[in-house]
1. So how do Asp37, Asp22 line up by other beta-carbon neighbours within 10 Å, fewest first?
2. Can you list the HN-Hα couplings for the range 34-51, worked out from phi with the Karplus curve (6.51, -1.76, 1.60; θ = phi - 60°), rounded to whole Hz and with x for Gly and Pro?
3. Spelling out what I want: for every residue of the range 6-15, take phi, set θ = phi - 60°, compute 6.51 cos²θ - 1.76 cosθ + 1.60 (Karplus), and round to whole Hz; glycine and proline get x.
4. Rounded to the nearest 0.05, what FRET efficiency do Leu8 and Ala48 give with R0 = 35 Å and r taken as the Cβ-Cβ distance? Could you check?
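Read-outs throughout are calculated quantities, based only on the coordinates presented, and are distinct from any laboratory measurement. Quantities reported herein were computed from a predicted structural model and do not represent experimental measurements. Neighbour counts are summed over all protein chains in view; Cβ atoms, including those assigned to glycine, are modelled from backbone coordinates with ideal geometry.
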Amino acid sequence: MKGIPPALAAELESAAMRVVEDYGAFIARGPAPGTHDDAKAFAAHHAAAKSALAHLEHLLKLVRAAGAGEEVAGVIQAQALLQQARGAMSAEAQEDEEDDADGGTSG
């Protein structure tokens, strides 16, 4: 995919940054007000966030394949966000496993 037109590479970078911005806003809003105790609403919100991260990951792969990703600050920021989000999801999954192991009690 080397030799990609510069305009397309720029469009890919712009798309990645839009996904980062939208993801950040979506996460900041959290599940709909009043649904924090609703497991289905939380699961839907979590699934949507994971989907956005997958979209971002694919865009970043395209940007890297185009050879435009390493020197672009915005793409580096997007890659850092992706790593941070993966770490947070991993930590959350471990906490859920620990809660399940102790019977779900919190104290």
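1. On the way: Asp37 8, Asp22 13.
Exposure proxy ranking, most exposed first: Asp37, Asp22.
2. Each residue of the range 34-51 in turn: x, 10, 5, 8, 8, 4, 5, 5, 5, 4, 5, 5, 4, 5, 5, 5, 5, 5 Hz.
3. Calculated HN-Hα couplings, in order: x, 5, 6, 4, 5, 5, 5, 4, 5, 5 Hz.
4. Values: r = 27 Å, r/R0 = 0.78.
So, using R0 = 35 Å, E works out to roughly 0.80.
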